[in-house]
Amino acid sequence: MFRGWFVVGALVLLFGAAAVLGFGAIFRPKSVAARTDAAAAGILAAAMAAVGLGWAPLGVVPLGAAIGLVFLLSVVRIVYQGSGTAGTGRWSAIYGAAVAALSGWVLLSASSGAGSVTDHPGHQLGIILGDIMGALLMLFAATGWLLGTFAMPAESKSHAAPRLKGVREALMAAGLAVALYAIS
């Protein structure tokens, strides 16, 4: 699906770094919910790195199952968890579900776009516009995660995102922006 070396390199670099940060955060001494969140982020980033490598047409079922598992974990967090501590609240779970849904769309587009150019679902005007709007929104999300992590004023440092989570989510959002732009 992704034919340009720059796009493939950017996807593998962004999603690979997010996967390393996600799997690395599992071993930090935190709560079970934070470890589950880190494992889900690592699984999602690793699945998207595999999509970036071009494995989507060959592994659509296992990659789709991994993305679906992350989506279900986010939905369970939305339903059964109220507003908790920073990073584990309801809005974080809603964001995680949206990222998993966008990842599923990228997987679906990448796996069906392996044939001819006219068979690709991205060659319809509404889908092209939706992909570009999604890419722009994920670019804003990546910027927001970086600003929320590193550019908080001194008086509101208690509301800043944890550094590893902020960088991981910024990498994931930037990778999704590149992927959505590439499939449009």
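In table form, for the structure just shown:
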read-out	value
Neighbours by Cβ (under 7 Å, 6+ apart or cross-chain): first from the range 16-42, part of a helix (DSSP H, G or I); second among the hydroxyl-bearing types (Ser, Thr, Tyr) and surrounded by 15 or more Cβ atoms within 10 Å (Cβ to Cβ)	ALA33/THR88; ALA34/THR88; ASP37/THR88
Breaking point among (1) part of a helix (DSSP H, G or I); (2) open to solvent by 20 Å² or more (accessible area, probe 1.4 Å), for TRP55	(1)
Per-region count, the range 7-20, residues closer than 14 Å to ALA174 by Cβ and over 13 Å from the mean Cα position of the chain (by Cα)	4
Check on VAL99, of a type in the set (Val, Ile, Thr), within 19 Å of ARG3 (Cβ to Cβ), surrounded by 14 or more Cβ atoms within 10 Å (Cβ to Cβ) and modelled with pLDDT of 80 or more	no
Residue within the range 159-166 that is modelled with pLDDT under 85, closer than 26 Å to ALA38 by Cα and charged (D, E, K, R) present	no
Criterion violated by VAL106 - all others in (1) open to solvent by 30 Å² or more (accessible area, probe 1.4 Å); (2) in contact (Cβ under 8 Å) with a residue 12 or more places away in the chain; (3) within 15 Å of MET172 (Cα to Cα) satisfied	(1)
Residue check for ALA101: under 12 Å from the mean Cα position of the chain (by Cα) and over 19 Å from ALA141 (Cβ atoms)	no
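The values are calculated or read from the model by the stated rules, or taken from the named source; none is laboratory data. Here the structure is a predicted model, which means the values were calculated and not measured. Reconstructed Cβ throughout: ideal geometry from the backbone, glycine too, with neighbour counts over all protein chains shown. Ligands, DNA and RNA are excluded from the accessible area calculation, which covers all protein heavy atoms including side chains. Shrake-Rupley method; radii C 1.70, N 1.55, O 1.52, S 1.80 Å.
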